[in-house]
Amino acid sequence: MTGDASFRLSRPNDMWALPNLVVPAAPFNYIVSAALAFLGVRLFLRGGGKWATLFLGLGLALTVAAFLVWATAGKSFSLTGMLQATMVRAVPIALGGLAGVLCERVGVINIAIEGMLLAGAFTGALMGSIVGGIGGLVAAIAIGGLFGFILAALVVTYRMDQIIAGVVINLFVLGLTSYVSSQVFAEYRFLNNAPVFRAYNIPILGDIPVIGPMLFNQNIFVYGAIVLVVVATYYLFYTRAGLRARSVGEYPRAADTLGINVYQTRYINVTVAGMVAGFGGAWFTLGSVGRFDENMTGGRGFIGLAAMIFGRWHPVGALLAALVFGFADAMQQKLALLQTPIPSEFLAMSPYIATIIVVAGIVGRSRPPAADGQPYIKE
């Protein structure tokens, strides 16, 4: 193994030497992982709690490891690069999940995360091309906040069905950005040529093997996502304002009785959530390719909702779940570049398969805030 944690994997006939027994590595991994996963599912069905999650996680991890041994056989594979790509690709999902947490903790379902990400990506490319990267980033955050405010107005003031309101915003943003992309950007290409924020290596920390490049040699979006998760966790669980916000999501009538302004709290949280989603959307253009393409978010907002559920409506949990989805996304990209024998269409499905597994409840039962999705009418 070299300094950047690159290594060459041979075919699955590589042998693990055990006392008086020699077993092929990949089949042995599959057997162990299948046993652990089966045990995890059995414990889950019997209400095994944390032990079920642990065994299921170990089983899935070993399955993935064995799969990588088989898929990358005879090819050079960089573990450091894989982990670094995982962190990068988890950013929009983590920020989308965080936006969902901020909304649903005050009782508002935010299906519009996908549209907010797309609006942030579009605005970041447009304004970034005109005024530069910082201006594009600020504009993306502002447009995300605007759509958050619109969502709050629709569901809090006018008590529109929250699912329908989110779908309306998604369709509106998709239609508008698709039209401008095909009609305007195609002719005036200088409006779709934004600068990209480069990675910044933090001295000393960035030199730590494996962990350094993964966490401390990234661009502003990765650092921003980590900071926002820490700030949101502190706000929701360690401040008086966060306690009030969570009370609005659990029992708004009781919160109103205690003098908490339910409408104002929901407006503020949903608007801030939109700003977080706008920042996440800017990653697609200002943090990745520097240009906007039609529907380039590719459902990451919906995957963010799955990460929120997987993370049990907690900012840190949403980030950890986003890393799982980011790993699936990074894996299909890396394996496609290595020209593995698996068809590219199946590799492209992996992030969405992981989403289906999570939403189906395989990872454990999650309880949303009690007033989630329920409009409040002040008497």
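The values are calculated or read from the model by the stated rules, or taken from the named source; none is laboratory data. Quick caveat, the model's predicted, so the values are computed rather than measured. Methodologically, a virtual Cβ is constructed for each residue, glycine included, from the backbone with ideal geometry; neighbour enumeration extends over all protein chains shown. With ligands, DNA and RNA removed, areas are computed over all heavy atoms of the protein, side chains included. Shrake-Rupley method; radii C 1.70, N 1.55, O 1.52, S 1.80 Å.
The table for this structure:
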read-out: Any hit, segment 310-317, residues being touching a residue at least 24 places away in the same chain (Cβ under 8 Å), open to solvent by 10 Å² or more (accessible area, probe 1.4 Å), in a helix (DSSP H, G or I) and charged (D, E, K, R); value: no
read-out: From LEU102, LEU68, residue being out of contact with any helix residue (DSSP H, G or I) (no Cβ under 6 Å at 6 or more places or on another chain), of a type in the set (A, V, I, L, M) and either at pLDDT 95 or above or open to solvent by 10 Å² or more (accessible area, probe 1.4 Å) (or both); value: LEU68
read-out: Among the residues listed as VAL167, VAL173, VAL227, VAL231, the single one being open to solvent by 40 Å² or more (accessible area, probe 1.4 Å), at pLDDT 95 or above, more than 27 Å from ALA85 (Cα to Cα) and under 23 Å from the mean Cα position of the chain (by Cα); value: VAL167
read-out: Residues of segment 136-150 classified as open to solvent by less than 30 Å² (accessible area, probe 1.4 Å) and over 21 Å from the mean Cα position of the chain (by Cα), total; value: 2
read-out: Among the residues listed as ILE169, ILE204, ILE220, the single one being out of contact with any Phe, Trp or Tyr (no Cβ under 8 Å at 6 or more places or on another chain) and of a type outside the set (Asp, Glu); value: ILE204
read-out: Residue within segment 289-297 that is farther than 20 Å from LEU151 by Cα, open to solvent by 10 Å² or more (accessible area, probe 1.4 Å), at pLDDT below 95 and part of a helix (DSSP H, G or I) present; value: yes
read-out: Number of the condition not met by LEU95 [criteria: (1) open to solvent by 10 Å² or more (accessible area, probe 1.4 Å); (2) modelled with pLDDT of 95 or more; (3) not small (Gly, Ala, Ser)]; value: (1)
read-out: TYR267 vs. criteria part of a helix (DSSP H, G or I), in contact (Cβ under 8 Å) with a residue 24 or more places away in the chain and surrounded by fewer than 18 Cβ atoms within 10 Å (Cβ to Cβ); value: no
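Okay, residues lined up against (1) at positive phi; (2) open to solvent by 70 Å² or more (accessible area, probe 1.4 Å); (3) under 20 Å from the mean Cα position of the chain (by Cα); (4) acidic (Asp, Glu):
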site	(1), (2), (3), (4)
PHE185	no, no, no, no
ARG189	no, yes, no, no
ASN192	no, no, no, no
ALA199	no, no, yes, no
ILE202	no, no, no, no
GLN218	no, no, yes, no
VAL222	no, no, yes, no
